[in-house]
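The next block holds one structure in the form of structure tokens; read it before the comments.
The values are calculated or read from the model by the stated rules, or taken from the named source; none is laboratory data. No experiment lies behind these values; they were computed from the predicted model shown. A quick note on method: Cβ atoms are made from the backbone with ideal geometry, for glycine too, and the neighbour counts reach across all protein chains shown. Areas reflect the complete protein model, heavy atoms only, side chains present, ligands, DNA and RNA absent. Shrake-Rupley method; radii C 1.70, N 1.55, O 1.52, S 1.80 Å.
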Amino acid sequence: MKTALRNLAVVITLVLTSNVTVLAAPVNEKLRQQKDSLTRIQTEKEQVEMKIEEFDNEIEKIMIKTEENKGKISETEKLIEVAAVEVKKVAKESKKEQGLFNSRMRVMYINGSDGYVSIILNSESFGDFISRVDNIKTVVEFDKKLMVKFETSQKELNEKQQSLNKTKETLQSLQVENKQKIDKIMVTRSEERR
């Protein structure tokens, strides 16, 4: 009987230890899976945090560019204002010179084309003749220079005004583009945080 009890005790011990081992294996497997899952989640979290930091850095760079563009736009607007004042000044001067030129042309028209001829023919001596021809030549050259100067200054100012306006438009489009980039990054960043 003692042997039977001993054998029974050994069998019970084996059964109990084999059950414990069987039960321990799934618990260890679940624990390992949970650790793997936790590690994967922590890695994903770190990656998301890195992306968010990259987005923050990119936003900061774009904001700096935007501020620079605002400064350039302000400078360009000031230059446009200065150019507008110059245009008005040149227009005023050219209007004055145009008035002088018009009055001279009016007198010439009233006197007819023979005005220069009559001035030359009314000379009293050969020296007076040469002097009058030289004076007429000087007046005609002055009128030509006046017209060329007027046209050139108008053309230069118009080109300068157009160039400044184009620069301003370019800077404003850059600012809009930067704003769109910031908005896009903010949306992506908020999606990453979810």
*Could you pull out which residues in segment 49-78 have an amide N less than 18 Å from a spot 7 Å beyond the Cα of Glu177, following the Cα-Cβ vector?*
58-74
*Centroid-to-centroid separation of segment 53-111 and segment 114-135 [C-alpha atoms, Å]*: 47
*Would you mind working out the magnitude of the charge dipole of the chain relative to its Cα centre, with +1 at each Lys and Arg C-beta and -1 at each Asp and Glu C-beta, to the nearest 20 Debye?*
980
*Using the alpha-carbon atoms, what tilt in degrees (0 to 90, nearest 10) does helix 2-111 show relative to the longest principal axis of the chain?*
0
*Report, as a whole number in µm² per second, the diffusion coefficient that Stokes-Einstein gives for segment 144-194 at 10 °C and 1.306 mPa s using the Kirkwood radius over alpha carbon pairs.*
111
*Percent RCO, i.e. relative contact order, over segment 53-194, from Cα pairs under 8 Å lying at least 6 residues apart*: 56
*Structure shown: which of Lys92/Lys166; Lys35/Lys181; Lys51/Lys78; Lys65/Lys88; Lys65/Lys149; Lys78/Lys149 lie over 32 Å apart, alpha-carbon to alpha-carbon?*
Lys35/Lys181; Lys51/Lys78; Lys65/Lys88; Lys65/Lys149
*Express the carbon and sulfur contribution to the solvent-accessible surface of the chain as a percent, rounded to the nearest whole number, probe 1.4 angstrom.*
59
_Helix 126-193 against the longest principal axis of the chain: what's the angle in degrees, Cα atoms only, rounded to the nearest 10?_
10
*Per-selection Kirkwood Rh - segment 63-194 (Cα, Å, 1 d.p.)*: 19.9
*Candidates Ile62, Ile80, Ile130, ranked by Gaussian network fluctuation over the chain, Cα under 10 Å, top entry*: Ile130
